[in-house]
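Reviewing the structure listed below.
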Amino acid sequence: MDTMILKMPAVALRGMVILPGMIAHFDVSREKSIKAVEESMMDEQKIFLVAQKDVEQEEPGIDDLYKIGVIAEIKQVIKLQNNIVRVVVEGTKRAKLLELTEREEYLEAQILVFEAEEEDDLPENVKEAMVNSIHETFESYAKTNGKIAKELVATVNEIFELEKLMDYIANNLPVPFYEKQKILDEIPYTERYEVLLALLLREMEVNVIKQEF
């Protein structure tokens, strides 16, 4: 797996996890977070986003953050009232947080970027079987959930690239941020697959139990 080390401005997210392929927005009000966004906009519009473990933590240090985050491309910045800035981003690549430097105006992260996440030794027939299994499991999960749109199920069934499929489902699952973090944490396909399937199966069991009461 190819890797590279970079430094870039960072923002700690509260109660939110962004995965590759996800387009999302978040609001920042902490001065250092706003400055990090401004610094990113002056360069390549790239920023490192990582979730903090405790959403109430006002000044999170490296030990207060998860180790795996995402490099995101800033698509739009909107200034709202009360010194709040809304940032629209698209997640691009997983990256591991190595160091966190508190610069005068913003946080800077040293990160290990996973350039090539594909497992070259994973046979195509194995990946195809994993894709089919995910399609079947997600469809079963959607039936027990009752709130998953048919359009989402149709879109999932049209994705046959294993990595894209797993991250797309993770991005759209109505589960707490720390559950999505478990999927973000897994770099190898096989381990990410196991975590995703386990989560879907567990949510199916919970849905069935709810229907019985």
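The values are calculated or read from the model by the stated rules, or taken from the named source; none is laboratory data. What you see is a predicted model, and the numbers here were worked out from it, not measured in a lab. Glycine also receives a Cβ, built like all others from the backbone with ideal geometry; neighbour counts cover every protein chain displayed. When the accessible area is computed, the model is the full protein with side chains, heavy atoms only, and any ligands, DNA or RNA have been set aside. Shrake-Rupley method; radii C 1.70, N 1.55, O 1.52, S 1.80 Å.
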May I ask which of 75/164; 75/143; 35/96 have a Cα-Cα span longer than 27 Å here?
75/143
Residue 185 to residue 81: FRET efficiency via 1/(1 + (r/R0)^6), r the Cβ-Cβ distance, R0 35 Å, to the nearest 0.05?
0.45
Spin-label proximity, residue 90 to segment 161-188 - amide N less than 20 Å from point 7 Å beyond Cα toward beta carbon:
161-173
Just the number please: accessible area per residue for the chain, 1.4 Å probe, all protein chains included, in Å².
54
For the chain, what is the relative contact order in percent, using Cα pairs closer than 8 Å and at least 6 residues apart in sequence?
24
Provide, as a two-decimal number, the C-alpha radius of gyration of segment 107-213 over 2.2 N^0.38 Å, N being how many residues it has.
1.16
Can you pull the three principal axis extents for the Cα set of segment 1-94, in Å, largest first?
44, 28, 21
So, with points 7 Å from each Cα along the Cβ direction, the residue 38-residue 160 label distance in nm works out to 5.0
Ignoring ligands, DNA and RNA, what percent of the 1.4 Å accessible area of segment 1-124 is carbon and sulfur?
44
1/(1 + (r/R0)^6) with r = Cβ-Cβ of residue 45 and residue 212, R0 = 41 Å, i.e. FRET efficiency to nearest 0.05, evaluates to 0.25
In segment 126-213, what percent of the accessible surface is made up of carbon and sulfur (1.4 Å probe, ligands and nucleic acids excluded)?
54
At 0.36 nm per residue, minus the direct Cα-Cα distance, what do residue 205 and residue 103 gain on full extension? Give it in nm, one decimal, please.
32.0 nm
